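Following: one structure in structure tokens, then a few remarks.
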Amino acid sequence: MGERGEFDDAGLAERGGELSDERALRPRPFGALRRRGIYLIPNLLTTAALFAGFFAIVQAMNGRFEVAAIAIYIAMVLDGLDGRVARLTHTQSEFGAEYDSLADMVSFGVAPALVMYEWAMKDLGKLGWIAAFVYCAGAALRLARFNTNIDIVDRRYFQGLPSPMAAAFVAGLVWVIADVGIQRADWISWIAWACTMYAGITMVSNMPFYSFKEINLKKSVPFWVILTAVAAIAVVSIRPAVVLFLLVFAYGVSGYVLYALGTRVRVVA
């Protein structure tokens, strides 16, 4: 009798770990894949926000810039709702978080950059598309940094201008110019360029912007809070484009004010 081969009982015992590793690396049959569901309501809101961003791009390509700007604002509202709905209904998931980031990149990164370029910066040549790219890249970097630092920085403040507010900042300029009825001219192109560059750079800065995450919607509030909310809605309804742009503009510069006053985004873990 010759010697026992490599795959005899002793050999199998010695190579058991290796064989189990090899089996783990083999592709599973399609039917054996684990099927996991997704939560419907928050992901529907994310999809609606993604659609609003895509719709803004289409409208900008068709020259309907005011509609495109409003669509970006709608995407901002929907983006704020999906996360809060997920937390209130305990339907958070890794899928939802990743999907939300991808939708944000379209709605608050690509869409505003293309809207601004088509609206006012196309005539600036290279400077125009460079500003659009700086904004788009700033949004991507801002989202990546937010996702990696979410558990280690002070949750009271955002590190850099949030991408939805940056999108509202540049889209608000388009909306307010159209609403006031100012004819586009060369000076408007340069204002659009400056606002786009400002938003893109501020997104990746270390400026602290208040996050409003300490507001608890589950708690009861005094009656005057409701009255204040009603008054705010009434004021916005007077001239939505102007009032919203002024609010977004104030928030967009608040980070530099807080930084000058000594506020910093602290690492808590």
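The values are calculated or read from the model by the stated rules, or taken from the named source; none is laboratory data. The structure presented is a predicted model; accordingly, all values stated were derived computationally and were not measured. Cβ atoms come from the backbone with ideal geometry, glycine included; neighbour counts cover every protein chain shown. Ligands, DNA and RNA are stripped out before the accessible areas are found, and what is left, the full protein with its side chains, is counted by its heavy atoms. Shrake-Rupley method; radii C 1.70, N 1.55, O 1.52, S 1.80 Å.
Any idea which of (1) farther than 15 Å from MET116 by Cα; (2) over 19 Å from the mean Cα position of the chain (by Cα); (3) open to solvent by less than 50 Å² (accessible area, probe 1.4 Å); (4) not basic (Lys, Arg) is the one ILE188 doesn't satisfy?
(1)
Report whether or not SER220 is modelled with pLDDT of 90 or more, polar (S, T, N, Q) and either under 26 Å from PHE169 (Cα atoms) or surrounded by fewer than 10 Cβ atoms within 10 Å (Cβ to Cβ) (or both).
Against the criterion (modelled with pLDDT of 90 or more, polar (S, T, N, Q) and either under 26 Å from PHE169 (Cα atoms) or surrounded by fewer than 10 Cβ atoms within 10 Å (Cβ to Cβ) (or both)), SER220 does not qualify.
Return a yes/no flag: does the stretch 254-263 have any residue that is surrounded by 10 or more Cβ atoms within 10 Å (Cβ to Cβ), more than 26 Å from LEU173 (Cβ to Cβ) and in contact (Cβ under 8 Å) with a residue 24 or more places away in the chain.
Scanning the stretch 254-263, I find at least one residue that is surrounded by 10 or more Cβ atoms within 10 Å (Cβ to Cβ), more than 26 Å from LEU173 (Cβ to Cβ) and in contact (Cβ under 8 Å) with a residue 24 or more places away in the chain, so the answer is yes.
Which of (1) among the hydrophobic types (A, V, I, L, M, F, W, C); (2) part of a helix (DSSP H, G or I); (3) open to solvent by 60 Å² or more (accessible area, probe 1.4 Å) does PHE212 not meet, given it meets every other one?
(2)
Conditions (1) surrounded by 22 or more Cβ atoms within 10 Å (Cβ to Cβ); (2) in a helix (DSSP H, G or I); (3) in contact (Cβ under 8 Å) with a residue 24 or more places away in the chain, marked per residue:
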residue: VAL67; (1), (2), (3): no, yes, no
residue: VAL85; (1), (2), (3): no, yes, yes
residue: HIS90; (1), (2), (3): no, no, no
residue: ALA111; (1), (2), (3): yes, yes, yes
residue: MET116; (1), (2), (3): yes, yes, yes
residue: ALA120; (1), (2), (3): yes, yes, yes
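What is the number of the single condition among (1) in contact (Cβ under 8 Å) with a residue 40 or more places away in the chain; (2) farther than 21 Å from LEU258 by Cα; (3) surrounded by 16 or more Cβ atoms within 10 Å (Cβ to Cβ) that PHE158 does not meet?
The failed condition is (2).
Can you tell me which of TYR198, TYR251 is modelled with pLDDT of 95 or more, within 25 Å of ALA52 (Cα to Cα) and in contact with a strand residue (DSSP E or B) (Cβ under 9 Å, 6 or more places away or on another chain)?
From the options TYR198, TYR251, the qualifying one is TYR251.
Please list, ordered by first then second residue, the pairs with beta carbon atoms under 8 Å, 6 or more apart or interchain, first in the stretch 136-152 and over 24 Å from VAL170 (Cβ atoms), second of a type in the set (Val, Ile, Thr).
Close Cβ pairs satisfying both conditions: ILE152/VAL267; ILE152/VAL268.
Scan the stretch 232-253 for residues that are within 22 Å of the chain's Cα centre (by Cα), in contact (Cβ under 8 Å) with a residue 60 or more places away in the chain and open to solvent by 50 Å² or more (accessible area, probe 1.4 Å) and jot them down.
Selection gives PHE249 alone.
Quick grid of which residues meet (1) at pLDDT 90 or above; (2) under 18 Å from MET121 (Cα atoms); (3) touching a helix residue (DSSP H, G or I) at 6+ places or on another chain (Cβ under 7 Å); (4) among the aromatic types (Phe, Trp, Tyr):
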site: THR47; (1), (2), (3), (4): yes, no, no, no
site: PHE51; (1), (2), (3), (4): yes, no, no, yes
site: PHE55; (1), (2), (3), (4): yes, no, yes, yes
site: VAL58; (1), (2), (3), (4): yes, yes, no, no
site: ARG64; (1), (2), (3), (4): yes, yes, no, no
site: ILE70; (1), (2), (3), (4): yes, no, yes, no
site: ALA86; (1), (2), (3), (4): no, no, yes, no
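Please go through (1) touching a residue at least 12 places away in the same chain (Cβ under 8 Å); (2) closer than 26 Å to ARG87 by Cβ for ALA229 and return the number of the only condition it doesn't satisfy.
Of everything listed in (1) touching a residue at least 12 places away in the same chain (Cβ under 8 Å); (2) closer than 26 Å to ARG87 by Cβ, ALA229 misses just condition (1).
One residue is enough: does the stretch 142-155 have a residue meeting the conditions under 19 Å from GLY83 (Cβ atoms), of a type in the set (Lys, Arg) and buried (at least 17 other Cβ atoms within 10 Å of the Cβ)?
Taking every residue of the stretch 142-155 in turn, at least one turns out to be under 19 Å from GLY83 (Cβ atoms), of a type in the set (Lys, Arg) and buried (at least 17 other Cβ atoms within 10 Å of the Cβ).
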